[in-house]
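Read the structure below first, then the notes.
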Amino acid sequence: MMGTVEHATLTCHRCGRETRHELAYAGRLLVVTTCTRCGNGIGRDVRRRYLADLRQRVASKPGRMLRRFRRHPVGFTTSLPRTTVLKPWELVEEMRLVWSAAAGTRGRETGGCRGDRH
């Protein structure tokens, strides 16, 4: 998985239609928006903001883990082995998404999909 993917109905500049778009996030930042009808996408260079966001997420992780442990000790304990293994891979995938969008190497034409999130 490359970050988090959500969907929204937006107007695609290339299609000229209101279509479903995939919105790919790395952390809390929107990185790539892609029209699911024609494949037209917009990648954003969010490297500097991503690194600042990542620093904040890493710094706040111990506190978030402690809160989760206090609220749900059994669930926290049982999920910890899986999370410990998967989290580094999730971060690597986020970084790949951010850097590939910044480099424009995602294999999609840079263009204009615009609209409001629904």
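Read-outs throughout are calculated quantities, based only on the coordinates presented, and are distinct from any laboratory measurement. In this text, all values refer to a predicted model and were calculated from it rather than measured experimentally. Counting neighbours? That spans all protein chains shown, and the Cβs are built from the backbone with ideal geometry, glycine included.
With +1 on the Cβ of every Lys and Arg and -1 on the Cβ of every Asp and Glu, and nothing else charged, how large is the dipole of the stretch 4-114 about its Cα centre, in debye rounded to the nearest 20?
So the dipole magnitude of the stretch 4-114 works out to roughly 460 debye.
Quick query: amide H of Gly3 versus all other amide H atoms, modeled in the peptide plane; which residues come in under 5 Å with a sequence gap of 5 or more or a different chain?
Answer set, sorted by chain and number: Glu94.
Count the DSSP beta bridges whose two residues both fall in the chain, then state the antiparallel fraction as a percent rounded to the nearest 5.
95 percent
List the extent of the Cα atoms of the chain along each of their three principal axes, largest first, rounded to whole Å.
Cα extents, longest axis first: 51, 27, 20 Å.
Specify the angular offset, from 0 to 90 degrees and rounded to the nearest 10, of the alpha carbon long axis of helix 73-103 from the longest principal axis of the alpha carbons in the chain.
With rounding to tens, the tilt is 30 degrees.
With everything on Cα atoms, drop me the angle between helix 47-71 and the longest principal axis of the chain, reported from 0 to 90° to the nearest 10.
40 degrees
Run the helix sum for the chain: -39,500 (n - 2.57) per DSSP H stretch of 4+ residues, divided by residue count, reported at 222 nm to the nearest 500 deg cm²/dmol.
-17000 deg cm²/dmol
Computed over the Cα atoms of the stretch 1-67, what is the ratio Rg over Rh, Rh following Kirkwood?
So for the stretch 1-67, dividing Rg by the Kirkwood Rh gives 1.13.
Show me 11-23, 54-66, 33-45 ranked by packing, highest mean number of other Cβ atoms within 10 Å first.
Listed from highest to lowest mean packing, they are 33-45, 11-23, 54-66.
Taking +1 at the Cβ of each Lys and Arg and -1 at the Cβ of each Asp and Glu, which of Asn40, Ala52, Pro73 sits farthest along the dipole of the stretch 36-83 towards its positive end, judged by Cα position relative to the Cα centre?
Pro73
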